[in-house]
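Please read the structure below before turning to the comments.
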Amino acid sequence: MAMKSSGTLRRREVVSTLLSDRGELLVIAGLGAPAWDITAIGDHPRNLPLWGGMGSAASIGLGLALAQPSKPVLVITGDGEMLMGIGSLATIAVAKPANLSIVVLDNEHYGETGMQQTHTGFGVDLAAMARGAGIPRVSTVRTENEVAPLRAAIHEGSGPLFAQVKIDAESLKLVLPPREGALLQARMRESLLGAEAHLV
Amino acid sequence: MDMAPADTDGWPGALFDLLKAHDIRQVAFVPDAGHSHLIRRCIADPAIKAISLTTEEEGIGLMLGAWLGGERSVLLMQSSGVGNCINMLSLGILHRTPMPMIVTMRGDFGEFNPAQVPMGNATQTVLEAMGTLVRRADHASDVVPTVDATLRMAFNTFRPTATLIGQRVLGAKTFGKD
């Protein structure tokens, strides 16, 4: 049964554009399809694809953005994961990390569990919730020509920024990142802190 | 009614000094009266990012992010908040992340409010079931050495740890029915 979303953008094309010419970008991906998407573009030491902790992606991004204020931090997650951690938008708005961006790939469905509809398919407006929380830069992205400007905004460091990207509800081939969490953590730390990261 | 522990025992102020000695840069919290002195000190310190949360589980995510970026963090909460963290504690086990928690107990010793008892009674069991190393401090003189020990074990052995500060130390809130 084909699942319908109000969005038409292709998720991996969006992620490919967002991660192009990534420079110093640090990426946290919510569990499920966003983790497969960032890995499909190319696994990277500065990617932390999550295997669990549903609802935590934005909070992890906050801790990382506060620890590394000179580097852009991008959280890429899904609508179901963002809804579960929605209060973190208020925490982020109050903490005001200028280098943190949150991009929600909104397909209006729980993709890993049988494509049940999320609340966003019934009119719940994540961008309005982010705006209400007090996130200063908020957008809803529906067309391809808005994606490259979003990539540029992520690198500007004038956030926190929140973007809801309306995507097609397609299910794509799984591209799995490493499952060993200690490796995923250690490689990002080493890429930021050098070998000293393991000697603290 | 102010339930903040009097600083006469010295431990709330000494806990702040301990966080500084351990180079803690991010302090996440959902307020509790027992932590009010420490929270005030952390907010006032420009070298500490004091982050007020909407729910304690955000603090688990924040501690993972801080460690990824090379900063040490700690989570302050009341025992009821431990219940909000259960699934998120998977993150610290999976990634081997230092996640020290300082928990002020309710439902623990002379509790008045029946709603506090189920979670207070289960706090240690729940934390340990999720792989957190737990130590208790039930006397004022134990608070600082116990928090010091659990901070060391978090950062030296890469895992979630918790000090539970007993209600015997904090005093039980009586809602005016002394």
Residues (more than 7 Å from chain A (Cβ to nearest Cβ) and over 14 Å from the mean Cα position of the chain (by Cα)) located in region B:68-77:
B:Arg72
If you scan region B:1-38, which residues turn out to be more than 15 Å from B:Ile165 (Cα to Cα), aliphatic (A, V, I, L, M) and modelled with pLDDT of 95 or more?
B:Leu18, B:Leu19, B:Ala21, B:Ile24, B:Val27, B:Ala28, B:Val30
Just to be sure I understand, how many residues within region A:61-78 are within 11 Å of another protein chain (Cβ to nearest Cβ), touching a helix residue (DSSP H, G or I) at 6+ places or on another chain (Cβ under 7 Å) and either of a type in the set (Phe, Trp, Tyr) or part of a loop (DSSP other than H, G, I, E, B) (or both)?
1
Please find, among B:Leu62, B:Leu91, B:Leu68, the residue that is out of contact with any Gly (no Cβ under 6 Å at 6 or more places or on another chain), modelled with pLDDT of 95 or more and closer than 25 Å to A:Leu192 by Cβ.
B:Leu68
Collect the residues in region B:6-62 that are touching a residue at least 40 places away in the same chain (Cβ under 8 Å), within 11 Å of chain A (Cβ to nearest Cβ) and acidic (Asp, Glu), keeping them in residue-number order.
B:Asp23
Looking only at residues in region A:26-55 that are away from chain B (no Cβ under 14 Å) and hydrophobic (A, V, I, L, M, F, W, C), which one is nearest to A:Asn107 (Cα to Cα)?
A:Ala33
I'd like to check something: does region A:155-163 contain any residue that is within 19 Å of A:Ile38 (Cα to Cα), facing chain B (nearest Cβ under 10 Å) and touching a residue at least 12 places away in the same chain (Cβ under 8 Å)?
no
Considering only region A:27-41, I want to know if a residue exists there that is in a loop (DSSP other than H, G, I, E, B), among the charged types (D, E, K, R) and touching a residue at least 24 places away in the same chain (Cβ under 8 Å).
no
Verdict on A:Ile86 being in contact with a helix residue (DSSP H, G or I) (Cβ under 8 Å, 6 or more places away or on another chain) and either under 23 Å from A:Ser20 (Cβ atoms) or buried (at least 22 other Cβ atoms within 10 Å of the Cβ) (or both)
no
Checking A:Gln185 against (1) more than 23 Å from A:Pro97 (Cβ to Cβ); (2) in contact with a His (Cβ under 7 Å, 6 or more places away or on another chain), only one condition comes out false. Which one?
(1)
With the checklist (1) under 25 Å from A:Val175 (Cβ atoms); (2) more than 12 Å from chain B (Cβ to nearest Cβ); (3) among the aromatic types (Phe, Trp, Tyr) in hand, flag the one item A:Phe122 doesn't pass.
(1)
Please verify whether B:Thr161 is in contact with a Leu (Cβ under 6 Å, 6 or more places away or on another chain), under 17 Å from B:Leu19 (Cα atoms) and surrounded by 19 or more Cβ atoms within 10 Å (Cβ to Cβ), treating the condition exactly as stated.
yes
Screening B:Asp23, B:Asp45, B:Asp17 for residues that are over 22 Å from A:Ala58 (Cα atoms) and touching a strand residue (DSSP E or B) at 6+ places or on another chain (Cβ under 6 Å) leaves only B:Asp23
Residues that are modelled with pLDDT of 95 or more and in contact with a Ser or Thr (Cβ under 6 Å, 6 or more places away or on another chain): does region A:66-75 have at least one?
yes
Can you tell which of B:Gly65, B:Gly70 is within 22 Å of A:Ser56 (Cβ to Cβ), assigned to a loop (DSSP other than H, G, I, E, B) and without any contact (Cβ under 8 Å) to a residue 12 or more places away in the chain?
B:Gly70
Taking region B:78-103 as the search range and keeping residues that are of a type outside the set (A, V, I, L, M) and in contact with a Ser or Thr (Cβ under 7 Å, 6 or more places away or on another chain), which one is farthest from the other protein chains (Cβ to nearest Cβ)?
B:Ser79
Matching entry among A:Ser16, A:Ser56 (being surrounded by fewer than 22 Cβ atoms within 10 Å (Cβ to Cβ), modelled with pLDDT of 95 or more and touching a helix residue (DSSP H, G or I) at 6+ places or on another chain (Cβ under 7 Å)):
A:Ser16
Can we say A:Gly23 is in a loop (DSSP other than H, G, I, E, B), of a type outside the set (Ser, Thr, Tyr), closer than 22 Å to A:Ala197 by Cβ and within 14 Å of chain B (Cβ to nearest Cβ)?
no
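The values are calculated or read from the model by the stated rules, or taken from the named source; none is laboratory data. Fair warning: this is a prediction, and the values are worked out from it, not measured in the lab. Don't worry about glycine lacking a Cβ; one is built from the backbone with ideal geometry, like all the others, and counts go over all protein chains shown.
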